[in-house]
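Written below as structure tokens is the structure these notes are about.
The values are calculated or read from the model by the stated rules, or taken from the named source; none is laboratory data. Treat the numbers as computed from the prediction; the structure is a model and nothing was measured. All Cβ positions, even for glycine, are placed from backbone atoms using ideal geometry, and neighbour counts span all protein chains on display.
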């Protein structure tokens, strides 16, 4: 059966896409009308485009970026199309897991008693020879940057025949917290001082061990920072984290006493 040509209003009703959305998808080259009246600029669509428009609506309801929707619609093969969809579903699953973790953490804050003031564990950290990686990172992107950065340092240590001399760690400058962007340093302590290693300076810190998810690490920061502030011993310098294992983080707050 031949296509029936539709006004944009008729097409909008059939696809559950607003006229505004249809105009936008035309402007970005996602869904072209079959005809545009040269005198009036009115857009016209064909009935054969209804299924495509409905697919676009469903993908957008799943928050698929327009560029990925375009990749799906123009995929040369079914495998290529499915790969784009599976990648997006994976990102959605990760987002759902992060949302669930945030909900659980908020529920704990609302129902559990406040975390008691931290007992200060004061330590002197000696100079540390380490391989390092630096990057200017936005606060919300730190976790995504840190894991591959540390993996790269481990690969570098193996390639250069260096033994590790401590756990993975990172340094977080004040700017990261104050303005949301700062130069983060990932580091891996090693057993030899060779070209390319650096010496992290000695520092005095108050330490609190956090066991649990990354989404609740702020509670450790709050408890430790409060204890340091109440003692009036806070000092300048980056916050230092040591990653003892996948669920255990040492938070090290710079202090002015040993």
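Do we have any residue at all in the stretch 190-198 that's modelled with pLDDT of 95 or more, closer than 18 Å to residue 245 by Cα and not in a loop (DSSP other than H, G, I, E, B)? Scanning the stretch 190-198 turns up at least one residue that is modelled with pLDDT of 95 or more, closer than 18 Å to residue 245 by Cα and not in a loop (DSSP other than H, G, I, E, B). Here the stretch 185-206 is the region considered, the condition is being farther than 10 Å from residue 130 by Cα, touching a residue at least 40 places away in the same chain (Cβ under 8 Å) and out of contact with any helix residue (DSSP H, G or I) (no Cβ under 6 Å at 6 or more places or on another chain), and the residue that is surrounded by the most Cβ atoms within 10 Å (Cβ to Cβ) is 205. Among the residues here, residue 70 does not qualify as free of Cβ contacts under 8 Å to residues at least 12 places away in the same chain, in the same structural domain as residue 13 (by TED's automatic domain parsing), more than 27 Å from residue 252 (Cα to Cα) and part of a helix (DSSP H, G or I).
Just give me the residues in the stretch 58-67 being assigned to a helix (DSSP H, G or I) and either in contact (Cβ under 8 Å) with a residue 60 or more places away in the chain or surrounded by 17 or more Cβ atoms within 10 Å (Cβ to Cβ) (or both), in sequence order.
59
When residue 122 is tested against (1) under 28 Å from residue 229 (Cβ atoms); (2) outside any helix (DSSP H, G or I); (3) under 17 Å from the mean Cα position of the chain (by Cα), just one condition goes unmet, and that condition is (3).
Within the stretch 11-48, the set of residues being in a helix (DSSP H, G or I) and either free of Cβ contacts under 8 Å to residues at least 24 places away in the same chain or under 21 Å from residue 68 (Cα atoms) (or both) comprises 12, 13, 15, 19, 20, 21, 22, 23, 24, 25, 26, 27.
Can you tell which of 228, 209 is out of contact with any helix residue (DSSP H, G or I) (no Cβ under 7 Å at 6 or more places or on another chain) and assigned to a strand (DSSP E or B)? Lay out the reasoning, then the answer.
Values: 228 fails: assigned to a strand (DSSP E or B).
Going through 228, 209 in turn, just one is out of contact with any helix residue (DSSP H, G or I) (no Cβ under 7 Å at 6 or more places or on another chain) and assigned to a strand (DSSP E or B): 209.
Just checking, does the stretch 108-127 include any residue being surrounded by fewer than 10 Cβ atoms within 10 Å (Cβ to Cβ) and modelled with pLDDT of 90 or more? Yes, because at least one residue in the stretch 108-127 is surrounded by fewer than 10 Cβ atoms within 10 Å (Cβ to Cβ) and modelled with pLDDT of 90 or more. Selection of the stretch 148-183 for residues being part of a helix (DSSP H, G or I) and farther than 18 Å from residue 239 by Cβ yields 148, 151, 152, 153, 154, 155, 156, 157, 158, 159, 160.
The listed residues are 168, 174, and the only one of them that is exposed (fewer than 14 other Cβ atoms within 10 Å of the Cβ) and either assigned by TED's automatic domain parsing to the domain that holds residue 239 or in contact with a helix residue (DSSP H, G or I) (Cβ under 8 Å, 6 or more places away or on another chain) (or both) turns out to be 174. Of the residues screened, residue 2 is one that is on the phi < 0 side of the Ramachandran plot, modelled with pLDDT under 90 and out of contact with any strand residue (DSSP E or B) (no Cβ under 8 Å at 6 or more places or on another chain). The residue that is nearest to residue 104 (Cα to Cα), counting only those in the stretch 222-258 that are without any contact (Cβ under 8 Å) to a residue 40 or more places away in the chain and buried (at least 17 other Cβ atoms within 10 Å of the Cβ), is 225.
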